[in-house]
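**Q** For reference, the structure I am asking about is given below.
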Amino acid sequence: MARARRWGRLWWSRWWILIAGIAISALGVAAYEATPYPELRTIQLFVLSESPDGRCEVRWYDVYASRMREGAYRCDPDRAVSLKPSGHHPETDYGYDYGWLRTEDSRKGDLYVPEDYEDTGAAFGDYLLPAGVFVMYIGLLSAGVPVRLRLRLGRRRPGGGAPAQG
């Protein structure tokens, strides 16, 4: 009787690992969901000048103010040569790239530069979610093995069956 009671306590005490893994994963998902991402719209950018590291001076059409605007942007330095300012349009010497335009809040119509955006919640979730899944896996292994052993031991009882006739 004492052995069965001790086995039951051991079995239930291992479930906390699984519950901790679920809690860590839930915190990771909550960190992703709590990070506010701005509403964006893809637009075409006219590249006026470009430096080798990818910094560009661009011009775009702001649909919210109905005018052309200019500003700094980080272009893709690995885009095709035909899209660069020196290789695309010989008359104007403009290149092309695509970017994102903000569509909400007080900065509506401004270019969205991913380097200016701080996503600490998503970065925190990048570590919490896989860690939680790993802890859940360990919890399932530690809590699941005794359940399988207990079920197997329950089927094979030594000395079971009818008594020998003799």
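The values are calculated or read from the model by the stated rules, or taken from the named source; none is laboratory data. If you're wondering where the values come from, they're calculated on a predicted model, not measured in any experiment. Backbone-built Cβ (ideal geometry, glycine too); neighbour counts: all protein chains shown. Surface accessibility is based on the protein's heavy atoms, side chains included, excluding ligands, DNA and RNA. Shrake-Rupley method; radii C 1.70, N 1.55, O 1.52, S 1.80 Å.
**Q** Kindly indicate the residue of segment 29-73 that is of a type in the set (Ser, Thr, Tyr) and part of a strand (DSSP E or B) and also farthest from Ala122 (Cα to Cα) among those meeting that condition.
**A** Filtering first and then ranking leaves Ser49.
**Q** I'm trying to understand the selection: among the residues of segment 42-58, which are open to solvent by 60 Å² or more (accessible area, probe 1.4 Å) and either under 21 Å from the mean Cα position of the chain (by Cα) or modelled with pLDDT under 80 (or both)?
**A** Within segment 42-58, Pro52, Asp53 qualify.
**Q** Going by what's in this entry, would Trp100 be described as assigned to a strand (DSSP E or B), at pLDDT 75 or above, open to solvent by 50 Å² or more (accessible area, probe 1.4 Å) and of a type in the set (Phe, Trp, Tyr)?
**A** yes
**Q** Moving on. Residues being modelled with pLDDT of 85 or more and open to solvent by 60 Å² or more (accessible area, probe 1.4 Å): count how many of those fall in segment 60-69.
**A** Qualifying residue count for the region: 4.
**Q** Going by what's in this entry, would Ala162 be described as modelled with pLDDT of 75 or more and either assigned to a loop (DSSP other than H, G, I, E, B) or surrounded by 10 or more Cβ atoms within 10 Å (Cβ to Cβ) (or both)?
**A** When the stated conditions are applied, Ala162 does not pass them.
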